[in-house]
Amino acid sequence: MKCRIPVVLLACGSFNPITNMHLRLFEVARDHLHQTGMYKVIGGIISPVNDNYRKKDLAAAHHRVAMVRLALQTSDWIRVDPWESEQVQWMETVKVLRHHHRELLRSLPQTEGPEHGRARSSAPTAVPELKLLCGADFLKSFQTPNLWKDAHIQEIVEKFGMVCVSRTGHNPKEYISGSAILQRYQHNIHLVREPVQNELSSTYIRRALSQGQSVKYLLPDAVITYIKEHNLYTGDGS
Amino acid sequence: MKCRIPVVLLACGSFNPITNMHLRLFEVARDHLHQTGQLGWGGEASPMEGLVDWASWGFAGACHRHHHHSHCSLAHRTECRSLLPLRMRHREFCTCLISGHGGVRVGTYNVTVLPFLGMYKVIGGIISPVNDNYRKKDLAAAHHRVAMVRLALQTSDWIRVDPWESEQVQWMETVKVLRHHHRELLRSLPQTEGPEHGRARSSAPTAVPELKLLCGADFLKSFQTPNLWKDAHIQEIVEKFGMVCVSRTGHNPKEYISGSAILQRYQHNIHLVREPVQNELSSTYIRRALSQGQSVKYLLPDAVITYIKEHNLYT
């Protein structure tokens, strides 16, 4: 069995609320990386953004984290990590990547004694990589003036790598060819086509909820129950 | 709450397997028919202005018997029509009063009143998987498809699966499935007894429930396919029952209606619903993904995925 590079997928975002579309990103990305034959996805992390991001209609972080946790109850490989949301202030994506990468390395089994540094009898363990999982709109946002530091974009695609799942209306190859940095590291940007073109968005969910419409089957039942119990997204400013 | 027409939605299809998209059809259709608090006019009707005060027309009580329009005698229908200054169909008039709306003022004459939105109360949903003898390619056995729908509906409090169609000796036309379930629906109504029989009760009387065919716009389009449908069946479906069509990407249901004389005539009985979450999710996609070993999690209920794996379906 050839050694495949272990990969953990990290998704940052509002998750306001989490939807089946977000969850699909992970499944689709994992399938894609496995099909390349070069990677083995060993985990997934959902990191809801800090409240200080001050996005309109952003539900409190503890709610958003709780909803993601509920949504992941039936997943055996994805987990929620509240670290980013618990920091004193909002932080750039690259810092979240650095943190989780450090944690990932720290969690590796440590070699001890004379074996330290020498290959074991079985296939050596490759160092796991942490990749940013996102939609193509995220990739497009690199073009927005003053939104990203060039150094950060470079670090994301050079040191970590990205897995971009395309949504309707986006042509991710254009975004790459329109940027020198992205072109240079395009081998580290995995473009995944999502055949089930899905306009499902958190915005749609919030609007439907505020209008009293059903969102069943668009996000996990446990999340819908939570939203109702805590009166979230009623649209009346509560 | 004023009396609204009870409706049961019936969806026929392969459900091979059932997906979240099928389940969404029901939710979206129900929301549409309920149109909470809105007085809307279906989009396809001529624009309406304001409200009509029936009393000013002298109609109050003219058609107060709460009955299914097809049970009205010809004499009654004629009487209603003679009272109406507008070119209004008897059925719309009856349903308008049944709904209890205080009034709808029509700004112009020769307007077809389509007082349907907000006038229904969806009381149930039925999923009816097609018979194995339909012989569609890759059709999993009916008992599996029924079982999967049952699992998918575990968390629904208003939709159920009905295996009747799938258990018949042979495949049957959609209109026959509609007739069967409509008979069953009427049979399940509480029977009035004794002196009260036929007289209005003190509270709002119970309107006869209607059974409507729930489908995607592709179903509506299929009416155009030569030799696929009998004209008499199409007419019966839209005239006696009614349809709720949820639009999917790439379909323009209004075109299908305007291209057919029968559909145009009964367009008031064809409710077009826009599904804002344009979704290409289809059973075909699911089967292909499964056969390629790809994940379908979050596209259909977990319980259905487990069933598929346990029974080695769609490999």
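Counting only helices (runs of 4 or more DSSP H) that sit completely within the range B:229-315, those holding 2 or more residues that are under 15 Å from the mean Cα position of the chain (by Cα) correspond to B:231-236.
Annotation note: of A:Arg64, A:Arg54, the sole residue that is on the phi > 0 side of the Ramachandran plot and away from every other protein chain (no Cβ under 14 Å) is A:Arg54. The set of residues in the range B:282-312 that are more than 9 Å from chain A (Cβ to nearest Cβ), surrounded by fewer than 18 Cβ atoms within 10 Å (Cβ to Cβ) and farther than 20 Å from A:His32 by Cβ comprises B:Thr284, B:Ala303, B:Thr306, B:Lys309, B:Glu310, B:His311, B:Asn312.
Only one of the numbered conditions (1) within 14 Å of A:Met67 (Cα to Cα); (2) in contact with a strand residue (DSSP E or B) (Cβ under 7 Å, 6 or more places away or on another chain) is not met by A:Leu232, and that is (2).
The selection criterion, being open to solvent by less than 60 Å² (accessible area, probe 1.4 Å), of a type in the set (A, V, I, L, M) and away from every other protein chain (no Cβ under 12 Å), does not hold for A:Leu23.
Where helices (runs of 4 or more DSSP H) fall entirely within the range A:132-238, those with at least 3 residues that are away from chain B (no Cβ under 14 Å), at negative phi and open to solvent by less than 50 Å² (accessible area, probe 1.4 Å) are at A:136-140, A:150-155, A:172-177. The numbered conditions (1) under 25 Å from B:Ile234 (Cβ atoms); (2) open to solvent by 80 Å² or more (accessible area, probe 1.4 Å); (3) not in a loop (DSSP other than H, G, I, E, B) are all true for B:Lys136 except (3).
The values are calculated or read from the model by the stated rules, or taken from the named source; none is laboratory data. Note that this is a predicted model, so its numbers are computed, not measured. FYI the Cβ positions are ideal-geometry reconstructions off the backbone, even for glycines, and counts take in every protein chain you see. Protein only, heavy atoms only, side chains kept; ligands, DNA and RNA dropped before computing areas. Shrake-Rupley method; radii C 1.70, N 1.55, O 1.52, S 1.80 Å.
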